[in-house]
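Input: a single structure, listed below in structure tokens.
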């Protein structure tokens, strides 16, 4: 999901316009599925009550996830956002929705074959020496198949679901209307509901052309490769001659999911090193490259036999301008190194995040209350749900609308900390020599920025 200019005429070419009739029809279908989900929940609740059991959070989460599946690919994609937002939603809900990340029922094999021929001009059995019609992963937008090239190289082939654009468009139109209604409320405005839906739609548009993902993979790696962490992380090689807007062919990499702690340890990998490398690569790509991976859920972060991190699925990325990177460097230094919360408040204001700043001192005190747990709590005992509630309270008090890219990178930090708890629960990131050294470098850059600003203003 790359953030783009919403006035760009090419922004949403992948999603066709929707007629009022199609929108009304889809609203009726969606309402029927939602009502069916409520009905299933009521029936199960009655059954549980007859057996003396109270409805559980797991039951609620299961019915919500089932309803999202019935509603179709757009809502499956929303469900993936829930699964990919640790600390934002409850652990029960996020865990239930994890099945939507790569275990959605696959499309009809005949339709997949026809789409492949439309894109590449030949059937899979001519392009490859072998092609498995049973996908190894299937999500809302695409599914992934394994194949072998004529030279013996093993590859994975990501194929878009046939007819996906016409199925997504009416749902997006409905979501835009609902977001407009949501912003009537205070919380809707605080969450920037319309902007959330716009970002969601923009992300779908970008994901519908796999050439965007291929280009982003290369750009991200080229930004990171020359630096100190470029040899600790990798992305699959893309086969351009076998890649189109709806088919993406990449090298196959055998690796372990980063959240499979037992397998990671059995393979002899160092959990601290993995978490350190993931955190450093995220910080380096965000602070210096300006382009960072925006969906670091465990299905997209693997560990190969050499202990290198393998990043997959660049459909969602974030971008920071040079100005934003400069302000963020200052913000990080103010919060973590200097403890200067008033300066941090000014940095947040420069980012355009606070619409009702009020007293600088009061804002600094609120920020201090929220950020204090970051420096004092153990990773293993920190509650990100509570931290999220505190942030929401501060946002409400100051009418804050955090920049969308800042929220996105914050979500990735929550992922990193989730893997820390699994693989290195006693590791203190900010006490680590390499992390400390990196942050010291950020401090020097921030000081250099300050001197440059004083010189220009003087």
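Where a number appears in this text, it was derived from the coordinates with a stated rule and is not lab data. Predicted model, so just to flag it, every value in this text is computed and none were measured. Every residue, glycine as well, gets a Cβ built from its backbone with ideal geometry; the counts of neighbours run over all protein chains shown.
Before moving on, here are some points about what is shown:
- If R0 is 22 Å, the Cβ-Cβ spacing of residue 215 and residue 323 corresponds to a FRET efficiency of close to 0.40.
- The stretch 247-315: C-alpha gyration tensor shape, a/c 1.5 cut-off, then a/b vs b/c: oblate
- Pair residue 166, residue 265: separation of 7 Å Cα→Cβ label points (nm): 5.2 nm
- Our estimate of slack between residue 241 and residue 422, defined as 0.36 nm per intervening residue step minus the Cα-Cα distance, is 61.2 nm.
- Förster-model FRET efficiency, 60 Å R0, residue 456 and residue 133, C-beta, rounded to 0.05: 0.45
- Cβ crowding within 10 Å averaged over residues, with 268-275, 411-418 ranked highest first: 411-418, 268-275
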